[in-house]
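Written below as structure tokens is the structure these notes are about.
The values are calculated or read from the model by the stated rules, or taken from the named source; none is laboratory data. Since we're looking at a predicted model, the values are computed, not measured. For neighbour counting, all protein chains shown are included, and Cβ atoms are generated from backbone atoms with ideal geometry for every residue, glycine included.
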Amino acid sequence: MPLTGPTTVLFVRHGTTATTGKVLPGRAQGLHLSDAGRAQADRVASMIGALDPRPVAVYASPLERARETAAPIARSLGVRVRTERGLVEMEIGDWTGMSIKRAVRRREWGTIQRWPSGFSFPRGESFTELVARTTDAIGRLVRAHPGETIVAVSHADPIRALVASAAGVPLDLFQRLVISTCSVSAVRYASGGPWVMCVNACADGLVRA
């Protein structure tokens with residue numbers, strides 16, 4: 001990936017919704033931020049808006065919860081939200097809408113946690129496809145913004161996959177990374193390779209699971 005200067009990407013997970021920690025929403029439409037999620041988005045927007053140098057662009061997954069998180073960030077920077085389909089949540093197919101309590105009782109759950117590279121969701125994506133898709137999307141954004149800082153608002157698994165890839169963490173260990181709602185993880189992409197600057201930084205100073 002030829003670059004004229006390092007590009008820093010601030011990966012932001014969307015804020016809390018009514019289903020966070022309860023349901024696997026996947027790519028279900030119509031899921032909006034809760035009041036707590038909107039407050040989180042405002043806090044992370046204030047944090048990012050105070051950065052120097054300021055990010056020059058804000059990209060978001062097309063899902064509502066990501067775009068609603070991106071909106072106050074974009075306002076704080078005086079830019080518009082651009083949709084990037086490569087940042088969308090993992091396609092979990094038949095698992096969409098399943099409660100987490102039910103999911104953890106399924107025999108496949110152990111594979112997802114300990115051997116994700118060997119798992120594909122029925123009528124959905126595999127984890128290796130997730131890595132390929134998100135890496136390709138970030139490559140495009142980095143090439144479009146050489147030497148600049150940008151924001152990419154996405155979801156837990158896409159961000160986890162991207163951070164793990166940048167850090168050289170094998171996919172089968174990526175579940176050990178925690179990506180909290182409205183947390184910021186920063187990766188600097190340079191000609192010599194990526195550098196992970198921070199992981200799971202929360203605007204309220206808390207570390208959330």
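Descriptive notes on the structure:
- Candidate set from segment 150-198 (those that are of a type in the set (Ser, Thr, Tyr) and closer than 28 Å to His32 by Cβ); member that is surrounded by the fewest Cβ atoms within 10 Å (Cβ to Cβ): Ser180
- Evaluating Asp157 against the criteria (1) under 17 Å from the mean Cα position of the chain (by Cα); (2) closer than 20 Å to Ser191 by Cβ leaves one unmet condition, (2).
- Residue in segment 61-71 that is out of contact with any His (no Cβ under 6 Å at 6 or more places or on another chain), buried (at least 22 other Cβ atoms within 10 Å of the Cβ) and more than 21 Å from Thr128 (Cα to Cα) present: yes
- Selection over segment 13-50 of residues that are part of a strand (DSSP E or B), of a type in the set (Val, Ile, Thr) and touching a helix residue (DSSP H, G or I) at 6+ places or on another chain (Cβ under 6 Å) gives a count of 1.
- Residues within segment 60-88 that are touching a Leu at 6+ places or on another chain (Cβ under 6 Å) and not in a helix (DSSP H, G or I), tallied: 1
- Test: Ala164 is out of contact with any strand residue (DSSP E or B) (no Cβ under 8 Å at 6 or more places or on another chain), without any contact (Cβ under 8 Å) to a residue 40 or more places away in the chain and either assigned to a helix (DSSP H, G or I) or over 22 Å from Glu91 (Cα atoms) (or both): yes
- Inter-residue pairs, beta-carbon under 9 Å, first over 20 Å from Leu177 (Cα atoms) and touching a residue at least 12 places away in the same chain (Cβ under 8 Å) and in segment 116-128, second in a helix (DSSP H, G or I) and of a type in the set (Asp, Glu), 6+ apart: Phe121/Asp94; Pro122/Asp94; Arg123/Asp94; Gly124/Asp94
- Filter result (part of a helix (DSSP H, G or I), under 17 Å from Ser61 (Cβ atoms) and touching a helix residue (DSSP H, G or I) at 6+ places or on another chain (Cβ under 9 Å)) within segment 102-138: Leu130, Val131, Arg133, Thr134, Thr135, Asp136, Ala137, Ile138
- Which listed residue is within 19 Å of Thr69 (Cβ to Cβ), modelled with pLDDT of 95 or more and over 15 Å from the mean Cα position of the chain (by Cα), from Thr134, Thr149, Thr181: Thr149
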